[in-house]
1. Tell me, please, whether a residue that is over 25 Å from E146 (Cβ atoms) and assigned to a loop (DSSP other than H, G, I, E, B) can be found in the stretch 216-234.
2. I'm checking my understanding of the structure. Among residues of the stretch 165-193 that are part of a loop (DSSP other than H, G, I, E, B) and acidic (D, E), which one is surrounded by the most Cβ atoms within 10 Å (Cβ to Cβ)?
3. Within the stretch 276-283, can one find any residue that is in a helix (DSSP H, G or I), modelled with pLDDT under 95 and of a type in the set (D, E, K, R)?
4. Could you figure out which of (1) closer than 26 Å to I149 by Cβ; (2) exposed (fewer than 12 other Cβ atoms within 10 Å of the Cβ) isn't true of A89?
5. Out of the residues in the stretch 204-242 meeting the condition of being among the aliphatic types (A, V, I, L, M) and open to solvent by 70 Å² or more (accessible area, probe 1.4 Å), tell me which one is farthest from A141 (Cα to Cα).
6. Is the stretch 41-52 home to any residue that is aromatic (F, W, Y) and open to solvent by 70 Å² or more (accessible area, probe 1.4 Å)?
7. Residue by residue through the stretch 147-161, note down the ones that are open to solvent by 30 Å² or more (accessible area, probe 1.4 Å) and under 21 Å from P189 (Cβ atoms).
8. So which of P225, P212 ends up being touching a Lys or Arg at 6+ places or on another chain (Cβ under 6 Å) and not assigned by TED's automatic domain parsing to the domain that holds T303?
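The values are calculated or read from the model by the stated rules, or taken from the named source; none is laboratory data. Everything numeric here is computed off the predicted structure, so don't read it as measured data. Note that we place each Cβ from the backbone using ideal geometry, even for glycine, and neighbour counts take in every protein chain shown. Note: accessible area is taken over every heavy atom of the protein model, side chains too, but ligands, DNA and RNA are not part of it. Shrake-Rupley method; radii C 1.70, N 1.55, O 1.52, S 1.80 Å.
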Amino acid sequence: MIRVTLPRFARFEAWRAAARDLASARIPPGGVIWADPDMPSDLFGAEPLPRRGPHQVRATQDFLQLARQVASHSDPERWSLLYAALMRAQTDRRFLSNPADPMLDRLSRMAKSVRRDIHKMHAFVRFHELPSDGPRRRFAAWFEPEHLILEAGTPFFARRFADMDWLIATPEGVARFTGGAIDYAPPEPRPHLPDDHSHDLWQTYFANIFNPARIKTQAMRSEMPLKYWKNLPETRLIPDMLADAPRRVQAMREAGASTAPAFAPKVTARIRQPISEASPATLADAGTQAARCTRCELCHAATQTVWGEGAPDAFLMIVGEAPGDHEDLQGRPFVGPAGQLLRKTMAETGLDSERIWLTNAVKHFRFTPRGRRRLHQSPDGSHIQHCRWWLDLERRLIAPRLTLALGATAAYALTGSRKPLTPRRGRIERGLDGGPVLITWHPSLILRLPSDRARTALAEFRADLGLAANHIA
Ligand code: URA
């Protein structure tokens, strides 16, 4: 009896080389013992591998692919089965394309079980961060697969987590990824895995995607078999979530259906509109196109584009920062508290809003959600750059005699300068397109200042609007 002992790793390649030699000498399957490295050597015959024989050995790519997968199966008979299949294929190739053939069926089921195990490994390995004093973060994980899939399953992690060092320990051995290269070593005791804070976040996510009204324990068990649970931090939550599900479903029933937020229909209508490539020739066309703008990410969360409004032949253009919560919902600029202050001061200084163009440097509302509230955030440089396309277009089509910049964002969008506002307020600067830009405070700043400073700022604001009125008169 010939005995072939395969190595712990790279064993498929070793099996393939030995099988080729044996088959070329037409050694029958019953004449070979295939041994894994941990098998005691004295139990079996010990004839060495013969030299390559005279016969040519043929194997199709499909067979080799199947054999590579079967090689990771935990069944100790896999090597002799594969060799028997290889020998049979030398004289009867057709059995490999007959799914009803019992030998092919058995090999196919083994390969399928290996593929499923690899898939579970990719889904269920949970890394724990280890202390690191080098430039790369370090992680370790313990995983108990059903088959011998360490080599077949870990290149996925090398691609996915190429910028960190990690090890995955299994009862079969250890895969170590260090500095971009992966090595395999014999099994070691299970590593110490410290608590990892990212697991709390992961548990929170898991708890939030759990739908108490759609419990399918059977499907859950088949997707996430119980044998993996002990190494998955999120599974600790499952018994309590299942127990609490009827109460939560009852509470949902009692609460009734919730209505979509006020902005939802507008968002839906907007995202269904096609985007045009043509450059608009009129203010009305520009407004229609701006309504579909996706130049920056603000369009995704905002309700709608807030386009400018007023007289298309205005002598004065007033530019604010960006719409706020009220403007976002109503789709009009300056309708919230700051807008009311602006409109009141305009009326006091003789500026007729019907004869002015009111707009913003950025046309979408930027905010952070806080519960049901949306907290205003100033747009950043990239939003201003993207939206300058619309502001420039508005300015070309309106060609105002003077532009009033409210606050730092508008001043930057119009002049390109981020210099502090205090020395610039009340002065006329040259805009990026060459037109005059008068700089003043943003009314929302006046609303936020303590009363004594607000009084002064309001007086300055009023004076600046008066100056603008005189300039265009
Ligand atoms: N603040 C702005 O800058 N613009 C608006 O439209 C409303 C508030």
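1. Looking through the stretch 216-234, none of the residues is over 25 Å from E146 (Cβ atoms) and assigned to a loop (DSSP other than H, G, I, E, B).
2. E172
3. No - not one qualifying residue is present in the stretch 276-283.
4. (2)
5. I209
6. Yes: the stretch 41-52 contains one or more residues that are aromatic (F, W, Y) and open to solvent by 70 Å² or more (accessible area, probe 1.4 Å).
7. Selection gives L148, E151.
8. Result of the check over P225, P212: P212.
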